[in-house]
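Before any comments, here is the structure.
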């Protein structure tokens, strides 16, 4: 039977963690730092410093769910076109960088006095860079579509691939540590592990191709149900992965990858994201809570040394590789700068390695400390990488780096000079037909996945929520000749007006006179208010019209 | 242990997904099926401390989302008095009858008020969903219901705060109410400060905003517990604060995610906590269900008719109120924790609500028609002009805009609508006829056959045609113009077959769009010219 709820430690713990996470996130925003650093700091404050929170199994599980959701979204975001365009150069550059950073890191760790096993783990774990941190900064800078932005994202994808490999391998290394068994037994186990991983991934992909479209069909246009089905699917894979001793993260990644082929991918990402934000914050705070503060001072010098290595070493290796591959000096350098930090996956790896008895908690704390330091330092550097580049260009030795003119192949650029019609209904359809007949190129953004397939010939469309700004931008929000906000809800129109400020003119639909006035005040270039227009039309058609009544 | 928690979550989400999926296929309310699915899935859902935490977490977010929905703009200002009487009065009467039914079934003591609430309160979620499916959101009864249910939801929140303390001691109840009020005032302050644009600029990205929404919910829950009120009321007040944020559209994704994820979880877990119903509980279940399904609709319809709504509107309002509320589910959860309700009482009330959810979309309009016969006759207002005037049928948005323009020009006119609310946007000295435009008596009262023009601004194209039929039944005394707004091309064609020129909003809009685009182009060219 149900007992007293409010005193329950799970709810209280979660509440305290969520409040602290939000407070620190806002603080970090204010300081121009990524929120991840704030979450870790919040955890350190709540745990080792104040002793307010202890981590129970529920909090731990919800944090794990956050990591699963993160991998799920990484899979969901993979676009085959982008992989084809950036894949090959990114694969070469990314692999060379990983190998270089691992080698350098290994010897540095040995030099700092870590044992062979710990040094190997640190070298591998610290070679990865943070997709979440960097992509967030690139989006904020508006640099996602630049050569360096796309190369950086490509390198991160390559790193993600290696992470999936590592996540598969790590559980095998458990027990007595490296090489506890004979090489042949170990080889068989590795083979089996990869086979199980492949089974999960293959099952996820085949299901996504053959079964899920049928299952998801009736849910189209019912976002709540879509979200539930997606989460259920994610959990099926998570539980199946656990049952088959495959890492949960791999299962989640495969689940996302499968769904990335569905027309709902864009929308799902948006719906899952708030849950990810909450649970992933929980994960990082949890890490902070467990951080052994007392030892931090002792390891600080070593951590600082490693930080400098990650900041400069990672950047240097990648810059040189890309420059020698023929990319411009600036693009190579700024891509290099972008990888100068430690990934949140490094911490995930550390957490996993601890459960396998591969490393001690001290090593994990070292990883966490280096991550905090590198993320803080490198976000400042990435934010100002153009200025740093200009400053360095004054030195002769810097100009020794080759400066090529190779570029990344363009992937279907967003449309240009079109009319973007946001919101689809009978009214929108009439507008689209008329505009098309007048020779305009019309791109429709509809909130129902079936609409893009049913558009009149000559009219293009995408499926996305009107609040989904990235999707609108992919549909050419900024490059449209004008935008029609055919949305019944004034709130949504206001969001759209906000997003297009300084961009193309917006013609908004309004359902009442006062709303029309409000929207014009908020920046709509013109307002179509059907009730007002219809009333005006009636007035024109009434016998005698104005003269008879005047 | 962490794995066990993940498995529990997986099972709950899986059951919820199946229930919602089934609901979608057979077109039943997902809420009811989720509860029943939870009840059926009892053997596979481990009822441990984590599940309890999940129940209260989900409940809190459900109330948070409800609070966000409670935007002040949703209250119909024009008819607030009538809405309050229907929302409060009818609820109170039905509640007393529910309490009496429970007493008749042998319930005693603290459990009785919960039964009253279970009968008295109706479901915003189910009603709005049913209205949306039937396309009746903007109809008179739809708007009246939306307002009345909003009032009820506020009552429900107060009940959740108060009931667990009643008959304990008046002091405790007073403290709880004072706590809720203090927290409510604090919510207003938070809405001002956090919702203020200066603060808002600090949280410009989606992640921080999401976290802020969740943190507000949790923070208010902690405060509510500290003040001795249920944590869930805190979550509701946090939602209320967010509803008042000027920029709350930006929090929508977070609120939606919270609602879409936690609502199904709540319902499934709730169902899993129900003990299997026993034979001894059947009489109470049937009595209360009858009170909800049969007695309450009659009471609500009568009250609405007495307040002055027409028969048809009142009948629909009554008919659609025939179910329990999602807030009752929250209330009984709080009640069982306070030990006011026994496990079986908890299950009986929960199942009454679930069963009534299932029935609402099924009852169709037959019962509404039955109700309509029982209600007293409508009164019609006397029309003023008898000849040479303009008759406007339907004063919705377009109709009222037209009426205001005509009135400003001094045109002699009469307006007709079946919704007395609609007249609130019409100038006071414009003569009006309350009733269905398809009714020849109503047309006669508006002297439609002597009018110089008839303008139809009706909500459905079929209704326009039915009015035309009614008009054709009688010869007119003079030449008159008939103008009709229709929404579909087919409707426009059928009208032109009758020789009547229809006005299609989108056609008018396309012309306006054309003009707007021309203006934009000219403006851009002018800007280019000046810059050169």
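Derivation of every value follows stated rules applied to the coordinates shown; laboratory data play no part. The structure displayed is predicted, hence computed values, not measured ones. Ideal geometry is used to build each Cβ from the backbone, glycine not excepted, and the neighbour counts take in all protein chains shown.
Does region A:420-545 come out rounded, prolate or oblate, given a ≥ b ≥ c as the square roots of the eigenvalues of its C-alpha gyration tensor, rounded meaning a/c under 1.5 and, failing that, prolate meaning a/b above b/c?
Oblate, because a/c is 1.5 or more while a/b does not exceed b/c.
Which percent of Cα-Cα pairs in region A:456-500 sits in each 5 Å bin, short to long?
Distribution as computed: 5, 20, 31, 26, 13, 4, 0 percent.
Counting just the Cα atoms, what span does region A:207-252 cover along each of its three principal axes? Round to the nearest Å and put the largest first.
Here the spans come out as 36, 21, 12 Å, largest first.
How high is the FRET efficiency from residue A:99 to residue B:25, r the C-beta distance, R0 41 Å, rounded to 0.05?
Result of the calculation: an efficiency of 0.20.
Which log10 I(q)/I(0) values does chain B give at q = 0.12 Å⁻¹ under the Debye formula, counting every alpha carbon as one identical point scatterer?
-1.15
First obtain the Kirkwood hydrodynamic radius of region A:290-442 from its Cα pairs, then insert it into the Stokes-Einstein equation at 20 °C and 1.002 mPa s, and state the resulting D in µm² per second as a whole number.
109 µm²/s
Enter the angle in degrees (range 0 to 90, nearest 10) between the Cα long axis of helix B:343-359 and the first principal axis of the Cα atoms of chain B, meaning the one along which they spread out most.
20 degrees
As an exercise, use a Förster radius of 56 Å and the Cβ-Cβ distance of residue B:490 and residue A:478 to find the FRET efficiency, rounded to the nearest 0.05.
Working from the Cβ atoms, E equals 0.90.
Quick one: helix B:170-195 against the long Cα principal axis of chain B, what's the angle to the nearest 10°, folded into 0 to 90?
60 degrees
Using the alpha-carbon atoms, what tilt in degrees (0 to 90, nearest 10) does helix B:296-307 show relative to the longest principal axis of chain B?
With both axes taken from Cα atoms, the answer is about 40 degrees.
Work out Dmax and Rg for region B:327-371 from the C-alpha atoms and quote the Rg first, both in angstrom.
For region B:327-371, the Cα-based Rg and Dmax read 14.3, 42 Å.
For a paramagnetic label modelled at 7 Å from the Cα of residue A:261 toward its Cβ, which residues of region A:213-251 fall within the zone defined by backbone nitrogen distances under 17 Å?
Correct set: A:213-217, A:234.
What is the spread of the Cα atoms of the protein assembly as shown along each of their three principal axes, largest first, in whole Å?
105, 85, 51
Expressed as a rounded percentage, what relative contact order does chain A have, with Cα pairs under 8 Å and six or more residues apart?
Taking the mean separation of contacting Cα pairs over the length of chain A, I get 18 percent.
Using a simple spin-label model with points 7 Å from Cα along the Cα→Cβ vector, what separation in nm is obtained for residue B:282 and residue A:187?
Each label point lies 7 Å from its Cα, and together they span 7.1 nm.
Mind checking the alpha-carbon convex hull of chain A and giving the volume per residue in Å³?
So the per-residue Cα hull volume is 212 Å³.
Which whole number gives the average count of other chain Cβ atoms within 10 Å of the Cβ atoms across peptide A:423-430?
Whole-number average of other-chain Cβ neighbours for A:423-430 is 3.
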